[in-house]
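The values are calculated or read from the model by the stated rules, or taken from the named source; none is laboratory data. Model, not experiment: these values are computed from the prediction. Methodologically, a virtual Cβ is constructed for each residue, glycine included, from the backbone with ideal geometry; neighbour enumeration extends over all protein chains shown.
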Amino acid sequence: MAFIGAKPTNVPLTSADLEDSIITSAKIVDGTIATADISDGAVTSVKTTGVGGANTPNFSAVNSGSQSLSHDTLTKLSITTETYDSNSAYDSSNSKFTVPSGEGGKYLISVKYEMSNQTSPTYAYIYVNGTGYTATRFKASTWGNETKMIVTLSAGDYVEGYTYQASGGAVDIVGTSGDRGSIFEGYKLIGI
């Protein structure tokens, strides 16, 4: 380039000299920005807002006392004490989670409980909108009665936990204390 008068002094270009959004990844030779292209400490939490995300809505509830299960009867689990509920979507009086408006998507749902004495067989169920969706069968066990699933839910869909036991008599699910008892929980998955 020809100059009239003295040639300007070379001055390094800084980020302050560039308009926002002026340089895109398409303007970089190979179309990507590699880790080596980013200075240490250059990416702050302000620049990563919206990256990753939160697994919300989410909920967790436990049973506050024991629950009797009749022999050869499908029984809804009474899990009425909320541990957390990000969107106020868990109905503790009915032990069910309902997907809030605008929050449809894939959810990981889990129900687990401990029985007071060994029974066989035992089934743990997750129900969606009043219909059995998944079941896990257990042999005689007082620990580890659990089922979980990933399910696509729409706004207004609801999930509940159920169990069935065929021991020949009534059996109790123990009340929650420390690491014992029942837990019904779930959360929306991000990025699926």
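Within the stretch 146-192, the set of residues being part of a strand (DSSP E or B), of a type in the set (A, V, I, L, M) and over 24 Å from the mean Cα position of the chain (by Cα) comprises Val171, Ile173. Scanning the stretch 98-119 for residues that are surrounded by fewer than 21 Cβ atoms within 10 Å (Cβ to Cβ) and in contact with a Ser or Thr (Cβ under 9 Å, 6 or more places away or on another chain) yields Pro100, Glu103, Gly104, Gly105, Lys106, Ser110, Lys112, Ser116, Asn117, Gln118. If the condition is being under 19 Å from Ser177 (Cβ atoms), under 21 Å from the mean Cα position of the chain (by Cα) and in a strand (DSSP E or B), then the stretch 81-126 contributes Thr81, Glu82, Thr83, Tyr84, Val111, Lys112, Tyr113. Being modelled with pLDDT of 75 or more, under 30 Å from Asp172 (Cβ atoms), surrounded by 10 or more Cβ atoms within 10 Å (Cβ to Cβ) and of a type in the set (A, V, I, L, M, F, W, C), is that true of even one residue in the stretch 34-55? No. Just one of the numbered conditions (1) buried (at least 16 other Cβ atoms within 10 Å of the Cβ); (2) assigned to a loop (DSSP other than H, G, I, E, B); (3) at pLDDT 95 or above is not true of Ser78: (3).
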